[in-house]
Amino acid sequence: MDLSACSALLLTISCCLWNTEARNYSSVLRVSNGGSYGEWGPISFCTSGYATGFTLKVEYEQTVGDNTALNGIRLYCNDGTILESKVGPWGKWTKNKFCRKGFLVSFSLRVEPHQGMFDDTAVNNIQFKCSGRKRLRGRGNKLGKFGPWSTKCPSNGICGMRTRVEDAQGITDDDTALNDVIFYCCND
């Protein structure tokens, strides 16, 4: 490979990984009702700002077949960065929701408990609190109930995220898609 081709390849790689580098975060937000299925995706951070809005990838309730409910979360940062971690293959992205002022600072998950031999969906929805005191509820499904709120970012807001998503289980097994999420708070 010649020098110019090598330089182009390195430039391409660095452009694609720009928001995967860790920022200095001050705390991690978790909730106790997340599920345990699936693998954790990559951590994704705002380049220098904080999350001010979000959208959800939702598979709405199916009358026939396997339901997965929430498949992904996308955060919008005030520096223009759009964050995603691992995302399931089902559903469509909902309309964006934004804080009128401030940043996202805490969250709560709506989770359907394990259904035994029946269809499991795991996380169905999420809600956030903004630093300007407004609450934003996602446009997810209504199965399960909202659990406790996470702690609040001690200063500023959410700057990163990581999701736990179960991959497709095949035709005979139950799919749950998004099972849990972790958010990161930054001070810088």
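All of the numbers you see were taken from the coordinates with simple rules; none came from a lab. Because the structure is predicted, anything quoted here is derived from the model rather than measured. A quick note on method: Cβ atoms are made from the backbone with ideal geometry, for glycine too, and the neighbour counts reach across all protein chains shown.
Modelled label-to-label distance, Asn187 and Ala168, 7 Å Cα→beta-carbon offset: nm?
Taking the two extended label points, one gets 4.6 nm.
Quick check: from the Cα gyration tensor, does region 33-115 come out rounded (a/c under 1.5), prolate or oblate? Could you put the intermediate results ahead of the total?
Values: a/c = 1.99, a/b = 1.80, b/c = 1.11.
Prolate.
Which entries of Lys57/Lys129; Lys92/Lys134; Lys92/Lys152; Lys57/Lys152 show an alpha-carbon separation above 22 angstrom in the structure shown?
With Cα atoms farther than 22 Å apart: Lys92/Lys134; Lys92/Lys152; Lys57/Lys152.
Provide the per-residue ³J(HN,Hα) series for region 77-93, in order, calculated from phi with Karplus coefficients 6.51, -1.76, 1.60 and θ = phi - 60°, each as a whole number of Hz, with x at glycine and proline positions.
After applying 6.51 cos²θ - 1.76 cosθ + 1.60, I find 9, 6, 9, x, 6, 10, 9, 9, 10, 6, 10, x, x, 9, x, 9, 6 Hz.
Which residue, Tyr184, Leu143, Gly157, has the largest displacement toward the positive end of the dipole of region 135-188 when charges sit on each Cβ (Lys, Arg +1; Asp, Glu -1)?
Among Tyr184, Leu143, Gly157, the one farthest towards the positive end of the dipole of region 135-188 is Gly157.
Quick one: if you stick a label point 7 Å off each Cα along the C-beta vector at Asn33 and Glu84, how many nm between them?
If labels sit at Asn33 and Glu84, their model points lie 2.7 nm apart.
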